[in-house]
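None of the figures in this text is laboratory data; all of them are computed from the coordinates on show. As the structure is a prediction and not an experimental result, all values here were calculated from the model. Cβ atoms come from the backbone with ideal geometry, glycine included; neighbour counts cover every protein chain shown.
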Amino acid sequence: MNYRRIYFILGCLFLIFTGIGIAISFGAGEFRIMQIYPPTMISVICICNGYLAPQMAKQDERTTFIRQKGMFYSYFAIIFYLILLMSLIYFNILVISALHAVMLITFLVVSTVFISMVVVSKIY
Amino acid sequence: MKNKVMNYRKRNGYSQDKLALILGVSRQTIISIEKGKYNPSLPLALQMAREFHTAVEDIFFLEDNE
């Protein structure tokens, strides 16, 4: 079985785990959005790696370019997320704990890096 | 920047896979270069020109110099 298929299967499995987690927590009446960040993040990583794996297998200048561009676009996205989150927390529009904020930022940063690499590889 | 990589590749009887193997890059890189989506680095362009026994400017050129 090739890497692409393994990554896609893992991504789908983690998406299913996320769905099951949401369903169970809603059923128990204790839904906390924090719980869905880790499995969703892992499923995003797996699905993006599934798409990128055949292209990234060979370490050449295009793959380096994709990584560089992906990080470059992510840098601006991360600054935007931080400014938005800071504004929302400062004006009390969003009231979250420090742990939640860290988890949210981690989820956004990791997802953005991988998704931007997929987008860049589509363009170039 | 435009290029005639596909013409030169076919003229020399190379498949995309074979050219990628010779140049030490992935097939996607060759596809992207042929489509004009990605411009190769100078060493890769020189390597390509050497493989096709021609000059870099014969393969790669600006659109207004076509």
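Observations on the model:
- Taking Lys and Arg as +1 and Asp and Glu as -1, the other residues whose beta-carbon sits under 14 Å from that of A:PRO54 total +4.
- Span per principal axis, largest first, for the Cα atoms of chain A (Å): 47, 35, 19
- Alpha-carbon Debye profile of chain B, log10 I(q)/I(0) at 0.15 Å⁻¹: -0.39
- Annotation: the residues A:SER97, A:SER116, sorted from fewest to most other C-beta atoms within 10 Å of their own C-beta, follow the order A:SER97, A:SER116.
- Selection from A:ILE83, A:PRO39, A:GLN59, by position along the positive dipole direction of chain A (Cβ): A:GLN59
- Which of A:PHE17, A:PHE91, A:PHE80, B:PHE52 has the fewest Cβ neighbours within 10 Å, and the rest in rising order: A:PHE91, A:PHE80, A:PHE17, B:PHE52
- Along the range B:32-45 the Karplus relation, 6.51 cos²θ - 1.76 cosθ + 1.60 evaluated at θ = phi - 60°, assigns HN-Hα couplings of 4, 5, 4, 6, x, 7, 10, 8, x, 6, 4, x, 5, 5 Hz to successive residues, with x for each Gly and Pro.
- Two-site FRET efficiency, A:GLU61 against A:ILE33, from Cβ-Cβ distance with R₀ of 45 Å, rounded to 0.05: 0.65
- Residue-wise HN-Hα coupling along the range A:104-117, computed from phi with Karplus coefficients 6.51, -1.76, 1.60 (Hz; x: Gly, Pro): 5, 5, 4, 4, 5, 5, 4, 4, 4, 4, 5, 5, 5, 5
- Mean separation of Cα contacts under 8 Å, 6 or more apart, over the residue count of the range A:63-120: relative contact order %: 64 percent
- Other residues lying with their Cβ under 11 Å from the Cβ of B:ASN12 contribute a combined charge of +3, Lys and Arg counting +1, Asp and Glu -1.
- A:ALA23 paired with A:VAL109, simple spin-label distance in nm, labels 7 Å along Cα-to-beta-carbon: 3.4 nm
- In this rough spin-label picture, where each label sits 7 Å from Cα along the Cβ direction, the B:ARG50-A:TYR75 distance is 3.3 nm.
- Under 5 Å from the amide H of B:TYR14 lies no amide H of any residue 5 or more positions distant or on a separate chain, with H modelled from the backbone and absent for Pro and chain starts.
- Extension gain, A:LEU85 to A:HIS100, is 4.2 nm, computed as 0.36 nm per intervening residue step minus the present C-alpha separation.
- With a cut-off of 14 Å on the backbone N, the residues of the range B:39-55 near the modelled label site 7 Å out from A:GLN68 along Cα-Cβ are B:39-44.
- Relative contact order (%) - criterion: Cα under 8 Å, at least six apart; region: the range A:17-124: 41 percent
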